[in-house]
Amino acid sequence: MQHLITVTVENQPGVLARITSMFARRDFNIHSLAVGPTEDPTRSRVTMVVDGPEMEQIVKQLYKLIHVIKVTEHPQGEAIEREIMLVRVHADPKRRSEILNAANIFDATAVDVGASTITFEVVGEPMRLSDFLEFMKTYGIVSLAKSGRIALAKDAKSQNTKQKQTAKGA
Amino acid sequence: MPEQLSGAAILIRALEHEGVDVIFGVPGGAILQAYDALYSSSIRHILARHEQGGGHMASGYAHATGRVGVTFATSGPGATNLITPLADAYMDSIPVVAITGQVRTTSIGLDAFQETHTWGISMPVTKHNYLVTNINEIPSTIREAFHVASTGRPGPVLVDITKDALADAMPWHGPVEIDLPGYRPSVQGHPRQVKAAMDEILASERPVLYAGGGILRARASEELRAFAEQQGLPVVTTLMARGAIPDSHPLTLGMSGMHGNYTASTAMQRSDLLIAIGARFDDRVTGNPDLFAPEARIIHIDVDPAEISKIRKADVPIVGDAKAVLRQLLDEGERRLKDGPAPTRTEWMDTLEGWRRDFPLAYVQDPDGPIQQQYVIDELCKHAGDAIVVAGVGQHQMWASQFWKFERPNAWINSGGLGTMGYAVPAAIGAKAGMPDTTVIAIDGDGCFQMTFQELITAAEEGIPVKIAVMNNANLGMVRQWQKLFYDDRYSATELSYTNPNIPMLAEALGCAGFRAETPDEVIPTIEKGLAVNDRPVVMEFVCDPDAMVFPMIVAGGSNDEILMGPEDISCNT
Ligand SMILES: Cc1ncc(C[n+]2csc(CCOP(=O)(O)OP(=O)(O)O)c2C)c(N)n1
């Protein structure tokens with residue numbers, strides 16, 4: 001079972017090392033990780049997808065780190081989640097237009113075209129990225145680079161995000 | 001105009017403001033500047049012979065006094081030598097601040113002479129650590145280090161300071177305010193949880209108070225005893241908590257676990273409610289956690305939320321300081337007493353009394369046989385019962401915990417979590433440096449002694465008259481015991497020597513008085529001689545039985561229902 005958490009930390013050198021060192025020492029597993037600035041320059045936000053059943057321990061051990069200020073767990077569907085991916089696929093000249101058409105449906109942008117490959121950029125919900133990847137497997141994936149997931153909790157009062165969700169899903 | 005001071009001088013000023021009166025350490029290139037500033041300070045420096053010794057001294061000092069112990073080391077090998085004492089203090093939640101020198105900021109990462117990544121190496125064995133590369137950060141970092149080390153769940157904090165930060169100069173404005181938004185340890189327990197805990201206690205038929213080292217860290221012995229008496233709760237004291245309630249108190253059951261006594265281990269195993277306070281369900285206490293105390297509901301009180309439900313799910317978790325929560329429980333208990341007296345639980349108390357009668361801790365000293373360590377410990381306790389006792393790691397440690405009669409808190413210092421051989425001699429020196437008017441006796445094994453005895457030179461030079469009782473069984477006894485029990489008597493690499501080194505002669509060479517007892521009738525005279533010398537450290541060697549084994553014993557990872565009471569239980573089990 002994968003869990004999405006965001007960790008607000010003091011923007012101090014070495015915070016990420018403290019987090020990953022603690023995960024290694026406690027035998028917790030990080031599936032994906034993204035670190036970046038927040039609206040407050042003294043804080044950074046770490047977004048993690050973590051594996052395993054020990055969520056309670058993971059959260060408590062994170063809180064034990066002096067530079068960790070807040071840990072938020074995001075239950076499925078309660079956060080806006082995004083990933084970005086660059087994927088280079090085999091594109092035989094004969095199948096090129098077929099591939100581009102398919103990419104269009106997934107909202108993927110062709111960002112580089114070579115003699116026998118096309119590279120796509122896909123930004124969006126994690127599911128969409130994995131669906132695209134699954135689809136492209138039939139053509140052959142040459143290389144893949146994927147970011148860690150970033151997330152923000154949905155605004156409790158906003159219906160907007162919810163509608164958008166359903167629209168995308170439909 | 002405020003004074004212009006070097007980073008080193010500011011460091012020492014900051015330490016003075018923290019109330020530091022003694023530093024244990026070893027100098028070197030990267031920390032030279034700090035030692036220069038220390039030269040004109042009123043803080044006492046005790047020159048250890050090895051940084052591991054300096055680190056354990058700081059921990060012994062902290063154990064005995066409750067104040068933060070401070071240790072200094074240089075970069076590279078000085079810092080790596082500190083890792084064992086840091087790990088030790090981390091496991092046992094001892095407040096220690098370690099200051100290490102680091103190479104110049106511009107040399108970091110270039111494999112400079114005596115450069116090591118101290119920050120990275122020490123991270124997993126400290127509560128928190130710092131790398132300071134700018135003189136500006138020294139005052140706030142020192143304030144933070146002492147705050148973090150001594151509050152919440154105490155622990156070691158390392159501050160690595162570069163040579164240039166120590167050498168630069170800036171004005172000194174005095175101590176600074178700090179703000180740690182991610183560090184706000186809870187003190188009071190949640191009132192609703194306190195009420196829930198009291199409901200559980202009043203409803204329980206076979207409760208046991210499971211007191212851990214956190215009681216001593218929180219200086220909560222008085223409250224523990226008052227609460228046990230108010231509710232009539234029997235108390236188990238873990239290895240770390242010996243003395244948290246007097247051994248002579250009728251509610252005290254003593255130590256449980258791997259080498260705990262039958263009554264303490266079985267009481268936990270049979271209980272319907274364990275009230276864990278400042279304890280962490282260590283595997284040496286629980287055995288196989290899946291088989292541990294199967295019928296017990298759990299109230300878990302700890303200042304560190306991560307300990308709660310880490311090993312055993314708590315039914316009533318309470319995050320808070322042991323002393324504060326015990327006071328809340330006492331108040332709540334007081335209120336409930338108005339509705340009626342605390343349950344007497346006669347049946348449970350009678351059961352415990354029966355076990356105590358039928359399975360006491362005991363030993364036999366044959367007057368014509370080899371010396372038994374239990375006898376030595378028993379006699380040492382009778383002759384110097386008000387002493388602080390420090391132990392090494394091994395059989396002698398377990399016997400010391402079993403047979404010393406602890407009547408007050410903070411009189412027992414040992415390496416419980418890490419099990420660090422070599423802990424006793426330096427920790428005893430640190431304890432004595434902090435409590436010069438109290439007798440400090442280390443009970444050490446011959447193996448442990450040979451890991452750190454050079455610190456007796458420090459003790460002799462510095463006029464710190466500790467007493468070391470070396471239990472010489474010419475073996476790495478605890479390992480030998482496991483080889484006897486589980487490895488078909490194949491004594492691989494556990495044999496030491498009765499004669500090499502000659503311990504009394506060695507003691508004399510180190511500047512101490514040395515005595516030896518070889519037969520049981522020499523034990524008391526040797527103790528008397530050893531206790532009479534107070535102008536220098538004393539080493540009393542007791543030539544002990546190499547074949548003696550520590551019982552009771554619960555096999556590692558086994559069930560606490562299966563307690564081996566003596567060698568006879570082994571043969572039928574294997
Ligand atoms: C630094 C370190 N190395 C190894 C061990 C493993 N160990 C545990 S007890 C023990 C034997 C201790 O021998 P001794 O000091 O003679 O004490 P005894 O058990 O004989 O009382 C050993 C080697 C340890 N705990 N610490």
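The values are calculated or read from the model by the stated rules, or taken from the named source; none is laboratory data. All figures in this text were calculated on a predicted structure; none of them were measured in a lab. All Cβ positions, glycine included, derive from the backbone under ideal geometry; neighbour counts span all protein chains shown.
Go over the candidates B:ASP179, B:ASP164 one by one and state the one that is farther than 24 Å from A:MET22 by Cα and either in contact with a helix residue (DSSP H, G or I) (Cβ under 8 Å, 6 or more places away or on another chain) or part of a loop (DSSP other than H, G, I, E, B) (or both).
Working: B:ASP179 fails: farther than 24 Å from A:MET22 by Cα.
Step by step, each of B:ASP179, B:ASP164 is checked, and only B:ASP164 is farther than 24 Å from A:MET22 by Cα and either in contact with a helix residue (DSSP H, G or I) (Cβ under 8 Å, 6 or more places away or on another chain) or part of a loop (DSSP other than H, G, I, E, B) (or both).
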Note to self: Suppose we filter region B:178-202 for residues that are touching a residue at least 12 places away in the same chain (Cβ under 8 Å) and away from every other protein chain (no Cβ under 14 Å); how many remain?
What the structure shows: 14
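Find the residue count for region B:86-120, including only residues that are among the aliphatic types (A, V, I, L, M) and within 24 Å of the chain's Cα centre (by Cα).
Just the residues of region B:86-120 that are among the aliphatic types (A, V, I, L, M), to begin with: B:86-87, B:89, B:91, B:94, B:96-99, B:103, B:108, B:110, B:112.
Narrowing the set further to residues that are within 24 Å of the chain's Cα centre (by Cα) leaves B:86-87, B:89, B:91, B:94, B:96-99.
Number satisfying all stated conditions: 9.
Which of the residues belonging to region B:484-515 are more than 16 Å from the ligand (Cβ to nearest atom) and within 22 Å of B:MET540 (Cβ to Cβ)? Step through it out loud before you land on a result.
To start, the set of residues in region B:484-515 that are more than 16 Å from the ligand (Cβ to nearest atom) comprises B:488-489, B:502, B:504-505, B:507-515.
If the condition is that a residue be more than 16 Å from the ligand (Cβ to nearest atom) and within 22 Å of B:MET540 (Cβ to Cβ), then B:ASN502, B:PRO504, B:MET505, B:ALA507, B:GLU508, B:ALA509, B:LEU510, B:GLY511, B:CYS512, B:ALA513, B:GLY514, B:PHE515 are the ones that fit.
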Check: Going by the conditions given, is B:GLN365 under 24 Å from B:MET255 (Cα atoms), surrounded by fewer than 24 Cβ atoms within 10 Å (Cβ to Cβ) and outside the structural domain of B:ILE524 (by TED's automatic domain parsing)?
Finding: yes
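For region B:467-483, enumerate the residues that are among the small types (Gly, Ala, Ser) and either near the ligand (Cβ under 7 Å from one of its atoms) or outside the structural domain of B:PRO504 (by TED's automatic domain parsing) (or both). Walk me through it before giving the result.
So the first thing to find is which residues in region B:467-483 are among the small types (Gly, Ala, Ser), and the list is B:469, B:474, B:477.
Passing the criteria: only B:GLY477.
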Notebook entry, point to check: Can you pull out the strands (runs of 3 or more DSSP E) entirely within region B:35-135 that have at least 3 residues that are within 14 Å of chain A (Cβ to nearest Cβ)?
Noted result: B:128-132
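Go through region A:1-18 residue by residue and tally those that are within 11 Å of chain B (Cβ to nearest Cβ) and either of a type in the set (S, T, N, Q) or within 18 Å of the chain's Cα centre (by Cα) (or both).
We begin by selecting, within region A:1-18, every residue within 11 Å of chain B (Cβ to nearest Cβ); these are A:7-10, A:12-15, A:17-18.
From what is left, the residues that are either of a type in the set (S, T, N, Q) or within 18 Å of the chain's Cα centre (by Cα) (or both) are A:7-8, A:12.
The number of residues fulfilling the criteria is 3.
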Next item on the list: Answer yes or no as to whether B:THR438 is more than 26 Å from B:GLY257 (Cβ to Cβ), polar (S, T, N, Q) and surrounded by 22 or more Cβ atoms within 10 Å (Cβ to Cβ).
Entry: no
Next item on the list: Identify the single condition in (1) under 15 Å from the mean Cα position of the chain (by Cα); (2) within 24 Å of B:MET255 (Cβ to Cβ); (3) more than 11 Å from the ligand (Cβ to nearest atom) that B:THR439 does not satisfy, given that it satisfies every other one.
Entry: (1)
Check: Just to be sure, is B:LEU273 surrounded by fewer than 23 Cβ atoms within 10 Å (Cβ to Cβ) and either touching a Ser or Thr at 6+ places or on another chain (Cβ under 9 Å) or at pLDDT below 95 (or both)?
Finding: no
Checklist line | All positions within region B:427-453 that are part of a loop (DSSP other than H, G, I, E, B) and among the polar types (S, T, N, Q) | finding: B:THR438, B:THR439
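Specify the residue that is farthest from the other protein chains (Cβ to nearest Cβ); the eligible residues are those in region B:390-404 that are more than 9 Å from the ligand (Cβ to nearest atom) and part of a helix (DSSP H, G or I). Talk me through it step by step, then tell me what you get.
Going residue by residue through region B:390-404, those that are more than 9 Å from the ligand (Cβ to nearest atom) are B:390-391, B:400-404.
In the following step, the residues that additionally are part of a helix (DSSP H, G or I) were identified as B:400-403.
Numbers: B:ALA400: 31, B:SER401: 29, B:GLN402: 33, B:PHE403: 36 Å.
Among residues in region B:390-404 that are more than 9 Å from the ligand (Cβ to nearest atom) and part of a helix (DSSP H, G or I), the one farthest from the other protein chains (Cβ to nearest Cβ) is B:PHE403.
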